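Have a look at the structure below before the remarks.
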Amino acid sequence: MHGSKTEKEISIIIPTYNKFPQNLFTLYSLQNQTFDLSKVEVILIDDGSTDETAQIMNRHSFTFDLKYIDCGGNIGRAAARNKGLMEAKGKVIIFLDAEILVRPDFLTIHHTYHKEIKNAVVTGIIFIKRLYSVLFNDFTPEQIEECYELAKCNPILVKKFKEFEVNKGRKPLITRADIINQSYQSMTMPTHYEEFYKRILINNYGYQLQDYRIPWQLFGTGHVSVSKGMLDRVGLFSEYPGYGWDDCEMGFRLYKKGAKYVTDPRLVSYHQEHPVSIHNTDDSKKNYYRFQETYRSIECMIISLTFLPVPFNLHEVNQILIDYHKLCETYPNDYSLTKKVFHEMLRGIGKRRAFNEPLTELIPKHLSEEQVAALHEELQTVGNKKEFTRFLECFDRLKKL
C-alpha cells in the first residue's frame, strides 16, 4: 500500500484480471483528476492475474492512496469487488472497471452529486465510449480493422501497427502523456448502445430518470458510484458464477432501499477494447435467471421482455410496468388470473432463455379450459376500460409466441 492517513472522501474499487497495461492507463487517468487526491483511495483487486499487474505497486507511484489486494487466484469479479468493499474507507464508493479511462472532472462530478442528493446512485455507463489503447494478438479481424481505421492518419500509430504485424504481441498504442493531455481521444468511437440510451432513456426520462421504474439495470460496475452508507444498508455483492447480473442485483437492492438514480452527460468515460470471452453471453443468461428466481417480482421479471425474438425496448418495458402497477393499484382484488399468468409468462421467458429453449407457447400448460375461458373474459374486461393499452398489447404478443 502507498498512502497517508488523511480521511477519505472517495474509495475507487477496481477489480482486475489480466488487464495490464490497460489497468495502468486507468490509474494514470485517475492521477489526472482535478479533485484533491489526498482524499482519495484506489483499491486495485488482483483477481489471479498472470500478467504484470502485481508489479504496478513497485514500479509506479501516484498521489492518491493505492491499495493492492491479491486474491490469490481467480475468485470472480463480484467476490473481488467484495474484498475491495470490505477495505474501503471512503464516504463515496466508485466502482470502476480496470480498463475504463475517465476525464479529469470525473471525481468532482461524482462527489458533488453525493453532496447534493441523498441516497444517490450516479451511473456513467450510458456515456461510455470505446477506445483502442492496446493491440492484442487475439483481437478479431474486425477489431484490428476498426482500430487501423482510427490510427491510419497518425504516422506514430501506423508505425506501431507495423511493429505489431511483425511481432504479433501485445502493443500499447497510447502513453501516459496521451492520457494527461487527452490526445488518446482520437482513438475513440461511440458504443453501439450510447445513442440507444440517449434516445430511449434520456429523451423520455431526462438525466434524473424521472418515473423510470427499472433504473437498477443501470447499476453497471464499469462506472457507477454510491454512498458507503447505502452499501452498508444492503450488504455485499451476490457472488454469481461467471459473468453478469451481480451488479444489477446489487442495484435492485439499492433501489428497493430508496436509492435515487441519476446520470450526467459530462460523465463520459472510455472503455479500452480487449478480446471478449465467448462464454460471457451464456453466463449472463443463467445469472439473470438466478436473479429472477431470487426475487420473482414483476420489477425483476419485466426485463425478460427485452429478450424476445422481437424485443421491447427499455422505454416500452417501463411503460408496460407502469400500466401493470396501475392495474394492481386500481384493482388490487380483481383480475387475479391475468396477473398470475403474466407473471408466469415472464418467468418462463427467463428460464427458457437461460437454457436456450424456444421462447414459444408461453401460456402455462396447467391452465384448465375453464381457466383459459376465465382469462379471456378478464382480458376483455380490462380492455374495455381503455386504460391499460400497453400492458394488454404486451400480453397479446406473449400469448401469440
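Given the range 296-400, report the % of alpha carbon pairs whose separation exceeds 20 Å. Taking all Cα-Cα pairs of the range 296-400, the fraction more than 20 Å apart is 35 percent.
Placing unit charges on the Cβ atoms only, positive for Lys and Arg and negative for Asp and Glu, gives the range 1-87 a dipole magnitude near 80 debye about its Cα centre. Of ALA80, ALA373, ALA88, the residue with the greatest mean-square motion in the GNM of the chain, using alpha carbon springs below 10 Å, is ALA373. Ranked for footprinting exposure by Cβ neighbours inside 10 Å, fewest first, MET301, MET86 give MET86, MET301.
Computed about the Cα centre, the dipole magnitude for the chain is approximately 580 debye when only Lys and Arg (+1) and Asp and Glu (-1) carry charge, each at its Cβ. Sorted fewest first by neighbouring Cβ atoms within 10 angstrom, LYS19, LYS8, LYS198, LYS162 come out as LYS162, LYS198, LYS8, LYS19. Each peptide in 222-228, 292-298 was scored by the mean count of other Cβ atoms within 10 Å over its residues; highest first, the order is 222-228, 292-298. Derived value for the range 46-132: Kirkwood hydrodynamic radius 15.3 Å. Basis is the mean of 1/r over every pair of different alpha-carbon atoms.
A dipole drawn for the range 296-400 from +1 and -1 charges on Cβ atoms has a positive end, and of LEU346, THR330, LEU308 the residue lying farthest that way is LEU308. For the chain, the share of alpha carbon pairs falling in successive 20 Å distance bins from zero is 25, 52, 21, 3 percent. Computed from phi, the 3J(HN,Hα) profile of the range 128-133 under the Karplus parametrisation 6.51, -1.76, 1.60 (θ = phi - 60°) reads 7, 9, 9, 9, 9, 10 Hz, with x in place of Gly and Pro.
When all alpha-carbon pairs of the range 164-246 are counted, what percent fall beyond 15 Å? For the range 164-246, the fraction of Cα-Cα distances above 15 Å is 77 percent.
Once backbone amide H atoms are built at 1.01 Å from N, VAL121 has LYS260, TYR261, VAL262 as its partners under 5 Å, excluding neighbours fewer than 5 places away on the same chain. The packing ranking, built from the mean of other Cβ atoms within 10 Å per residue, places the peptides 90-103, 30-43 in the order 90-103, 30-43, highest first. Convex hull volume of the C-alpha atoms in the range 109-227, normalised per residue: 145 Å³. What whole number of Å gives the distance from the Cα centroid of the range 248-326 to the Cα centroid of the range 194-235? Cα centroid of the range 194-235 versus Cα centroid of the range 248-326: 10 Å apart.
Every number here is computed from the coordinates shown, using simple stated rules; none is lab data. Small disclaimer: the values here were computed from a predicted structure and weren't measured. Heads up, the Cβs are rebuilt from the backbone with ideal geometry, glycines too, and the neighbour counts pull from every protein chain shown.
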